[in-house]
Amino acid sequence: MKLILKNPLAFFDLETTGTNISQDRIVEISILKVMPDGQEHLQTYKINPEIPIPAESSAIHGIYDEDVAEAPTFKSMAKSFLKFLEGCDLAGFNIIKFDVPILVEEFLRAGTDFDISKRKLIDAQKIFHLMEKRNLSAAYKFYCDKILTDAHSAEADTLATYEILKKQIEIYEGQKVEDLQGNAMGYIQNDIAVLHELTFTKMVDLAGRMVFNDKGIEVFNFGKHKGKAVQEILSKEPSYYDWMMNGDFPLDTKRKLTEIKLRSFNNR
């Protein structure tokens, strides 16, 4: 089918150094501009972010520092991108929460105002979530072909979840599981330990302020030290521990932070 357009519609996607909108940078941008008459114009560029690309990010998108060493910076391309996107509405997958904000940041950093106030934004992920519900009632219907009555009643929800899990194991047992980047995670098994490894995010604390990186090292997952080893930061910047302990962080986060600090102290 052909989209009915009044303005050009620019589908775009970004690969970045990370997920912190204010600090991270674009390393690749691809824009497909669809014209009202159906013509399509595609531009894809590697971008030099002018900061190192963390190994965790490179492992996801496959772009390393050496791949962008000779690439243009966003600032050098800003005017060209602005011209290409002139008069365009914007579309993508999860663009409202991530791609649009980080793109606007890059334009502002380049001294260019990318005004989105008069552009229409279309997020295919939002439509997906609106039309293909991912709540407990939808799962109960999908797996058990039953209508969940008394939804949000603790007892009804508990019993439905029990039925759903049994049905999931019945349907998927032995099937390979991959993450969103296609990396193998294991296989569905009727084994609680296996299911735990597949479903529990590698968080150090339950709030996710600290997580394990791909080497099993505890790293901060927020703020100016995001991606850096917790032990290393506590050693180099002891005041950061005091700031967190006096800050508005969950008690569980403070407890885990203290455990790491004490372990580091005992290992000296």
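The values are calculated or read from the model by the stated rules, or taken from the named source; none is laboratory data. Since the structure is predicted, the reported quantities are computational estimates derived from the model, not experimental observations. A quick note on method: Cβ atoms are made from the backbone with ideal geometry, for glycine too, and the neighbour counts reach across all protein chains shown.
Couple of notes before you dig in:
- Residues located in region 228-248, provided they are in a loop (DSSP other than H, G, I, E, B) and either surrounded by 17 or more Cβ atoms within 10 Å (Cβ to Cβ) or basic (K, R) (or both): K228
- Residue satisfying condition, being in contact with a Pro (Cβ under 9 Å, 6 or more places away or on another chain), surrounded by fewer than 17 Cβ atoms within 10 Å (Cβ to Cβ) and on the phi < 0 side of the Ramachandran plot, within set N20, N7: N7
- Enumeration of residues in region 127-157 that are part of a helix (DSSP H, G or I), exposed (fewer than 10 other Cβ atoms within 10 Å of the Cβ) and not hydrophobic (A, V, I, L, M, F, W, C): E155
- Of all residues in region 205-221, none are among the charged types (D, E, K, R), under 21 Å from I21 (Cα atoms), in a loop (DSSP other than H, G, I, E, B) and out of contact with any Lys or Arg (no Cβ under 9 Å at 6 or more places or on another chain).
- Pairs are defined by a Cβ separation below 6 Å, a sequence spacing of at least 6 or placement on different chains, a first member in region 240-261 that is assigned by TED's automatic domain parsing to the domain that holds I217, and a second member that is surrounded by fewer than 16 Cβ atoms within 10 Å (Cβ to Cβ) and part of a helix (DSSP H, G or I); the pairs so defined are K254/M245.
Per-residue answers, yes or no, for (1) at pLDDT below 95; (2) of a type outside the set (G, A, S); (3) in contact with a Phe, Trp or Tyr (Cβ under 7 Å, 6 or more places away or on another chain):
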{"residue": "E70", "(1), (2), (3)": "no, yes, no"}
{"residue": "K75", "(1), (2), (3)": "no, yes, no"}
{"residue": "K97", "(1), (2), (3)": "yes, yes, no"}
{"residue": "T112", "(1), (2), (3)": "yes, yes, no"}
{"residue": "A124", "(1), (2), (3)": "yes, no, yes"}
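- Only one of L108, L165 that is assigned by TED's automatic domain parsing to the domain that holds N20 and at pLDDT below 95: L108
- Residue within region 225-236 that is touching a residue at least 40 places away in the same chain (Cβ under 8 Å) and among the aliphatic types (A, V, I, L, M) present: no
- Entirely in region 1-105, the helices (runs of 4 or more DSSP H) that have 2 or more residues that are over 24 Å from N183 (Cβ atoms) and over 24 Å from the mean Cα position of the chain (by Cα): 74-84
- Top-ranked residue in region 106-126 [being in a helix (DSSP H, G or I) and of a type in the set (K, R); ranked as nearest to the chain's Cα centre (by Cα)]: K126
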